[in-house]
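The next block holds one structure in the form of structure tokens; read it before the comments.
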Amino acid sequence: MIAEIAQPVVETPVSPTEPLVAELEARGIFKSFTRRKNTAEILHGIDLVVKPKEFLIISGQSGSGKTTLLNILAGLDSPTNGSVVIRGEDIYRLSGDRRARFRATRFGIVYQQARWLQSLNVVQNVSLPLITVGVSQSKAEAQAVEALKKVGLDNFAESDPLDLSGGEQQRVGIARAIVHDPWLIVADEPTGNLDTHNADLVMQLFSSLTRKEGKAVILVTHNPIYEFYGTHLIEIRDGTVVRESYNQT
């Protein structure tokens, strides 16, 4: 006899009391990969809405599909089916070039491990998102200094980024993600390589970006200990949302 498998229980979310226009709306997100005629289903019809000033934390074990979902939300990887609408713009109806431009100007991306051009100092690395879209170097670097002030590291503007600690590098990565005033900030396991103290500092920074800067943040983590920082929580298991709730603030 085959044992009956318990089905995950989806909690009914308690929505915030004031309705807000969505920053991002994803509907019917499916993702599959085919290798050697074998198809693997990664995501199974995920729906979610991100409101302004929300700090959405997507949690789940390794292999649950959370990073795949984040890449789709950020326009980095097309879904097999479904739509992602950012402030009314369906990003997967855009051409590849237009979507890349949209991503470069509307998203700030923070990776698990910061990626640097080693020939450039901190302020030059932080200014790159502006320079790549045509902002002059002097103006870009001035804005980069302001972004560094927001993460408390403007004193390191002239430093080599590799001379900074892991926590400092990740905070510089956040400065680079916000230097061009994006609509949304997405972060993939940004605390994964940090000790508890530095991880808390990074999470506090993301929380501050929602409260003080009015940014919507989408963050992926495998560690549920950080969920209390979020205002909107989703847990993914085997490509399906099994829990969704809101932290009231």
Only sites in a loop by DSSP and with at most 15 other Cβ atoms within 10 Å count here; which chymotrypsin sites (Phe, Trp or Tyr not before Pro) in segment 56-119 make the cut? Y111
Listed residues I131, I234, I86; largest mean-square fluctuation, Gaussian network over the chain with Cα springs below 10 Å, found at I131
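Ordered by packing density, taken as the mean number of other Cβ atoms within 10 Å over each peptide's residues, highest first, how do 73-85, 208-220 rank?
208-220, 73-85
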The farthest towards the positive end of the charge dipole of the chain, of the residues V186, Q170, M203, given +1 on Cβ of Lys and Arg and -1 on Cβ of Asp and Glu, is V186
Dipole magnitude of segment 81-187 about its Cα centre, charges +1 at Lys/Arg Cβ and -1 at Asp/Glu Cβ only, in debye to the nearest 20? 520
S208 versus D238: modelled label distance in nm, points set 7 Å from Cα along the beta carbon direction: 4.2
Under 23 Å between C-alpha atoms is the cut-off here; go through the chain and count lysine pairs that meet it, provided they're at least eight residues apart or on different chains. 18
Taking the chain as a Gaussian network, Cα atoms linked when under 10 Å apart, which of L130, L120, L205 shows the biggest mean-square fluctuation? L120
Pop a pseudo-label 7 angstrom from the Cα along the beta-carbon direction at both Q112 and R98 and give the gap in nm to one decimal. 3.4
How big is segment 134-249 on each of its three principal axes, counting only the C-alpha atoms and giving the largest first in Å? 48, 28, 27
Rg(Cα) of the chain divided by 2.2 N^0.38 Å? 1.04
Given 10 Å bins starting at zero, what is the percent of C-alpha pairs of segment 80-211 in each, up to the one with the largest pair distance? 13, 41, 32, 13, 1
Given axes a ≥ b ≥ c from the Cα gyration tensor, I'd like to know whether segment 31-112 is rounded (a/c under 1.5), prolate (a/b larger than b/c) or oblate. oblate
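Helix-only mean residue ellipticity at 222 nm, the chain, DSSP H runs n ≥ 4 weighted -39,500 (n - 2.57), per residue, nearest 500. What is it?
Dividing the helical sum by the residues of the chain leaves -9000 deg cm²/dmol.
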State the volume of the convex hull built on the alpha-carbon positions of segment 177-235, expressed per residue in Å³ and rounded to an integer. 87
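Every number here is computed from the coordinates shown, using simple stated rules; none is lab data. Remember, predicted model here, so these are calculated numbers, not experimental data. No Cβ is skipped: glycine too gets one built from the backbone with ideal geometry, and neighbour counts run over all protein chains shown.
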